[in-house]
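Worksheet: one structure, shown below.
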Amino acid sequence: MPTKKQRAKPSGKSPSSSSTRAPWSRHGTILKFFVVLLLCFGGWLVYLDAQVRYKFEGKRWALPAQVYARALEIYDGRALNLENLKQELKLLRYHEVADAQVPGSYSVQGKRVQIVSRAHTLPDGRHPSSHFEFSLKGDVVSGLKSSDQAPLQLYTLEPFKMGGIYPGVKEERALVRYQDLPADLVTALRVTEDRDFFEHIGIAPLSIARAMWKNFRAGRIVQGGSTLTQQLVKNFYLSRERSLIRKANEALMALMLEAHYDKYAILETYINDIYLGQSGATAIHGFGMASQFYFGKALAQCQLSEWALLVAMIKGPSWYDPRRHPDRAMARRNLVLSQMRDQGEISEARYQQARARQLGLVTRPRLQTNRYPAFMALVKRQLRTDYNEQNLRTEGLKIYTTLDPQIQHHVEQSVSRMVPDLAKRLAEQNASAALQAGAVVTGVGTGEVLALLGDRDPQYQGFNRALDASRPIGSLIKPAVYLSALMQPDQYHLASRLRDQPFRIEFENGQSWSPDNFSNEHHGEVPLFRALASSYNLSTARLGLALGVDAVRDTLQKLGIHKAITPYPALFLGAQSLTPFEVSKFYQTIASNGFNMPLRAIREVTTADGALLSRYPIRVEQVIPAEAIYLLQHAMQEVMRSGTGRYAYQYLPEALNVAGKTGTTNDNRDSWFAGFSGDYLGVVWLGLDNNDPTRLTGSTGALRVWTDFIRRIPQYPLSMVKPTQVRYHWFDNDTGALTDERCRDASPLPIWGEPEKSTYQACQKGFSSFGGWLKSWL
Amino acid sequence: MAIVRILACVAICAGLILVSGCESVQHQRVVPVASDTLKPAAPVNKPGTVNSSSALTPPIVFALIKRASTAMRSDDLTASLRALEQALRIAPKEAQVYLAYGDYYLLQNQDEQARQMLYRAMSLAGENSQIGKLAQMRLDKLSK
């Protein structure tokens, strides 16, 4: 071997000496070449090994965050009707059958409902499949029990996966662990793709030789010799290029993979990585996702024939696409089944049974689409305060939201049904403009956002009017003005007289303000509650001026409006612009008895494995005295019973107490309504994006949409708890004076504290009953 | 004097009944709808389908409060909070849930949040109710 000394000899040597050393020199060069080659090869092996380990031990796939709607909780006493239940079960792909026995099915006999749920995982752990039943009487769940007649307190169905937050690469994948793999699937895979998988070292020379021989005899490629490990390497690490170098790399990496990791880890990765079809621009990867894509159920819930079909498709997911080429897919599936039988893995009877089955495909689901884009936008905004975009798109987080699919469905349906009708009025005036809508529904007692609509088209993914359309709210602001007054019980109560007469204010800058009522009529002196119920502008503006802009602004801030509020008198009539979502915050505080309750769209976030990352618990803060809110809610119920919201009771049952307020802005540019029952608060806005007039008032527009969806949801009426310092007193309807409960034309009103007794007046129009008269006489 | 008035009244009453029927049942009165304690009504979504029988708070709510309390004792705060939230979703106006929330936050030394939960319990139950008094007792302790 040449030494460093020999190599260091001067180059100017005689030819003779050169020729005598030539063989050594030639050998040395060749040797050097091989050494360099060996070093390069070694380096290459080190590089490949690093590649193999880096990707396999790191994050193998970019997993989109999975976003779920709230899970339906079933318990005795729950308000639920059959129509809504069926709607929810349809969303979850449950099948209605005569006798529910298999997971994912239900049956209805009269008022009795039986459900066989699927096993699923929620943040609190794994919920096994369960067979249970209950009755729906008067839209209330009763008699909840398991199939063996043991009483059940509560059952939570699996939540509907409403969408995801996706990475740039369009892939859908539902990871499955090796221990959760059905044995028949593993068998089918081994028999079809790699019989010696559990024995070989990553490559199988005999298989390669056998494949080469068969291909040579057939004159074309009829059989591959790649092991599952090689297939995984090819898909997971390498390009689809066909070359000897790639093939060599594939073999080397397969050996390395097998050297580092056990068979189970390799098989698990293969099963989650294999490409099995396409949905538009989205690739379907892994058996877990494919079972949902083709059969609409989890992999574990499939049958032998379905596992065989999935294995059959590996050879060519497009060629054997069961939706496009059902015959071809069926033949290939049966081949897989026959190989399993021939290998003795399944009995003849099972083979025949599986072979006789249809493909069992479901309608092609839409992937990588968010079913509720407007709500999803809210979820993303709330998530971004705690998570970075990269984590949301790649870590496979599970996000459990508050969305109620039943309520969302009704809101969508009402908007789709009513807005086109309402728009017809507009068409006569402005044919080019499309009437738009935004809506928010929240849980009165929880602050959870249950439904959200950002466009008249529920699937529209652009401008979200519920969150971003900031428009003047008109008379929706009036409850804040009246609340400011009612918080001063020594000065105002519901029967306080307000002047509803025109006035004019001159400002220092020379401008003036002279509001008027919507009807241009003036009503003289009116009781405070009537001014609110009938939405009189003049009396409200006078009240606001008496209270001061700062007082009303302070109330608005307490109610949850944190944006800048313009301190002009026009504030009293709703010149302030807010989005429907901001209005919801404001009314949420009123609906929840003066407790500020931040609106939440997310309950919990967990990792892909179910470990808890974040919780978004309920928070409450009392910001308004319960007494003042009680009085305001009373007046807002009057809005619905006899004021501008009375249209609602053409459709709502008398027993459903609701409170609310209409809102209309100048020239009918915006139509608003905000109202609540005991369970739900709904805010609806209708208008045009270009701010043109709509010809709609709050009452003729938004209120109708609100009524249409609220009447379809089973719910409890508004039921107020009277604070101890509030008592009912009777007031004369005409004069507003404190009077006797036996007087005709007297009405009871709740009063915080004691009313001024000096204003007491005897019955002016006689007694309401003979008994009353008799009592007074006695 | 009173006897004379009564006799006159009876006479006038008889006369009125003869002339115009019973006036006293003609006039429709407005009656305040309010209660000193919360009485859950039934869900309503169709005219005439009120089940006023009522429906007390579903029993599962109290089971969940108990579960929350047990979890709290074993320091499983996540399970405790989950049970309380579930109870709140089922019965958002059940004062006992807020009372339990108050206890949860008291245990966490989150006094302000505990105070607010107890205020809410009082506002839902009424100050003079048993729950209201329990909430007040805790609030009194907090303010000491």
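Only a single item in (1) more than 10 Å from chain A (Cβ to nearest Cβ); (2) open to solvent by 70 Å² or more (accessible area, probe 1.4 Å); (3) not charged (D, E, K, R) is not met by B:Asn128, and it is number (1).
Right, A:Val116: over 19 Å from the mean Cα position of the chain (by Cα) and more than 14 Å from chain B (Cβ to nearest Cβ) or not? Can you show your working first?
Working: over 19 Å from the mean Cα position of the chain (by Cα): yes; more than 14 Å from chain B (Cβ to nearest Cβ): yes.
Spelling it out, A:Val116 is indeed over 19 Å from the mean Cα position of the chain (by Cα) and more than 14 Å from chain B (Cβ to nearest Cβ).
If you scan the range A:393-416, which residues turn out to be in a helix (DSSP H, G or I) and more than 18 Å from A:Ala439 (Cα to Cα)? Quick ask: steps written out before the conclusion?
Within the range A:393-416, the subset in a helix (DSSP H, G or I) is A:393-394, A:405-416.
Scanning the range A:393-416 gives A:Arg393, A:Thr394.
Quick one: would you say A:Gln650 is more than 8 Å from chain B (Cβ to nearest Cβ) and open to solvent by 40 Å² or more (accessible area, probe 1.4 Å)?
yes
Quick one: how many residues across the range A:585-609 are in a loop (DSSP other than H, G, I, E, B), at pLDDT 90 or above and within 19 Å of the chain's Cα centre (by Cα)? The total comes to 4.
It is to be established whether one or more residues within the range A:649-657 are in a strand (DSSP E or B) and among the hydroxyl-bearing types (Ser, Thr, Tyr). No, every residue in the range A:649-657 fails to be in a strand (DSSP E or B) and among the hydroxyl-bearing types (Ser, Thr, Tyr).
A:Leu255 meets each of the listed conditions (1) in contact (Cβ under 8 Å) with a residue 12 or more places away in the chain; (2) within 25 Å of A:Val176 (Cβ to Cβ) apart from (2). In the range A:347-365, the residues that are open to solvent by less than 70 Å² (accessible area, probe 1.4 Å) reach residues that are aromatic (Phe, Trp, Tyr) with C-beta atoms within less than 8 angstrom, at least six apart or across chains, in these pairs: A:Gly360/A:Phe295; A:Leu361/A:Tyr294; A:Leu361/A:Phe295; A:Val362/A:Tyr294; A:Val362/A:Phe295; A:Pro365/A:Phe293. Just one of the listed residues (A:Ala546, A:Ala531, A:Ala570) is of a type in the set (A, V, I, L, M) and either open to solvent by 60 Å² or more (accessible area, probe 1.4 Å) or assigned to a loop (DSSP other than H, G, I, E, B) (or both), namely A:Ala546. Residue pairs whose Cβ atoms lie under 9 Å apart, sitting 6 or more positions apart in sequence or on different chains, and linking a residue in the range B:107-119 that is assigned to a loop (DSSP other than H, G, I, E, B) to a partner that is open to solvent by less than 50 Å² (accessible area, probe 1.4 Å), are B:Gln108/B:Ala114; B:Gln110/B:Tyr104. Residue pairs whose Cβ atoms lie under 6 Å apart, separated by 6 or more positions or on different chains, with the first residue in the range B:58-79 and facing another protein chain (nearest Cβ under 10 Å) and the second of a type in the set (Ser, Thr, Tyr) and buried (at least 17 other Cβ atoms within 10 Å of the Cβ), are B:Pro58/A:Tyr75; B:Ile60/A:Tyr75.
Within the range A:322-329, is even one residue in a loop (DSSP other than H, G, I, E, B), in contact with a Pro (Cβ under 8 Å, 6 or more places away or on another chain) and of a type outside the set (Val, Ile, Thr)?
First, the residues of the range A:322-329 that are in a loop (DSSP other than H, G, I, E, B): A:322-325.
Then keep just the ones that are in contact with a Pro (Cβ under 8 Å, 6 or more places away or on another chain); that gives none.
Scanning the range A:322-329, I find no residue that is in a loop (DSSP other than H, G, I, E, B), in contact with a Pro (Cβ under 8 Å, 6 or more places away or on another chain) and of a type outside the set (Val, Ile, Thr), so the answer is no.
The values are calculated or read from the model by the stated rules, or taken from the named source; none is laboratory data. Fair warning: this is a prediction, and the values are worked out from it, not measured in the lab. Please note: Cβ atoms are built from the backbone with ideal geometry, for glycine as well, and neighbour counts cover all protein chains shown. Heads up: the accessible areas ignore ligands, DNA and RNA and are worked out on the full protein's heavy atoms, side chains in. Shrake-Rupley method; radii C 1.70, N 1.55, O 1.52, S 1.80 Å.
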